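Data block below; observations after.
Computed from the coordinates by the stated procedures, all read-outs in this text should not be read as laboratory data. Worth saying up front: this structure is predicted, and the values here are computed from it rather than measured. Because the Cβ atoms are built from the backbone with ideal geometry, glycine has one as well, and the counts that use them run over all protein chains shown.
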Amino acid sequence: MALPAEKGRCTFADVLAWNDSERVELIGGEIFLMAPAPSRAHQEISGEIFRQIANYLEGKRCRVYHAPFDVRLFEREEDRPEDVDTVVEPDLTVVCDLSKLDHYGCRGAPDMVIEILSPSTRRHDRLVKLGLYQRAQVREYWIVDPENKAVQVLTLTNGLLLPHEDYGREDVAKVNVLDGCFIELNKVFPECQ
């Protein structure tokens, strides 16, 4: 749900001053309230993917973060919080260029983002966020669909995030930006879920 900005366009400086009890995203200067706490299934899926990626990354340079984690997709090094008008909170974020990490989160495009669909975010994640991640040149975008127990992987090809692979519950999904990293989806989508 978008909130009108009292002063017009909002910036990351406004987000930093926002009431901490409410999570928000900022897209093109417009504040969007995040949905209430994710469902139990969403949390379990996020936790399992995070666990598998984090285990793979142990002792390696890249880092994985779970929401809430602010990603300022288009921020440049010289920008101040007042200059930044887009801040998103992917469910999971992988960053390999550690110079992009700061106190607030990630400045610029991460290497990989993962969004877990819910009824209230399905359209936003598949359209709005896909467009933002493509414009920012995120190298890999996973759209995880708990309802269908499926993962769609999009990779950056000639400047576009294009469908690369679709995986189901019984598959082992390859993380393309992390050489040798694979996610066992039967653990992400267990039978009893």
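Structure summary
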| quantity | calculated |
| --- | --- |
| Positive dipole terminus of the chain, leading residue within PHE182, ALA41, GLY29 (C-beta point charges) | PHE182 |
| Taking VAL153, VAL128, VAL87 and counting other C-beta atoms within 10 Å, the order from fewest to most | VAL128, VAL153, VAL87 |
| FRET efficiency, LYS174 to ARG76 (Cβ-Cβ, R0 25 Å, nearest 0.05) | 0.20 |
| Dimensionless Rg over Rh [the range 84-193; C-alpha; Kirkwood] | 0.96 |
| Which of SER46, SER99, SER39 has the fewest Cβ neighbours within 10 Å, and the rest in rising order | SER99, SER39, SER46 |
| Sites matching GluC sites (Glu not before Pro) across the range 121-193 that sit in DSSP coil, with at most 14 neighbouring C-beta atoms within 10 Å | GLU147, GLU170, GLU191 |
| Extension gain from ALA37 to PHE50, taking 0.36 nm per residue of separation minus the Cα-Cα distance | 2.9 nm |
| Quotient of C-alpha Rg and 2.2 N^0.38 Å, computed over the chain | 1.00 |
| Lysines with Cα under 24 Å of LYS149, excluding same-chain neighbours fewer than 8 positions away | LYS129, LYS174, LYS187 |
| For the range 29-171, share of DSSP beta bridges that run antiparallel, in % to the nearest 5 | 75 |
| Cα-centre dipole for the chain with unit charges at Cβ (Lys and Arg positive, Asp and Glu negative), debye to 20 | 180 |
| Listed residue (VAL128, VAL113, VAL95) projecting farthest to the positive dipole end of the range 76-136, Cβ model | VAL128 |
| Fully extended contour minus Cα-Cα distance, from ARG135 to GLU30, at 0.36 nm per residue | 36.1 nm |
| Label-point separation in nm, LEU127 to LEU98, each point 7 Å along Cα→Cβ | 4.1 |
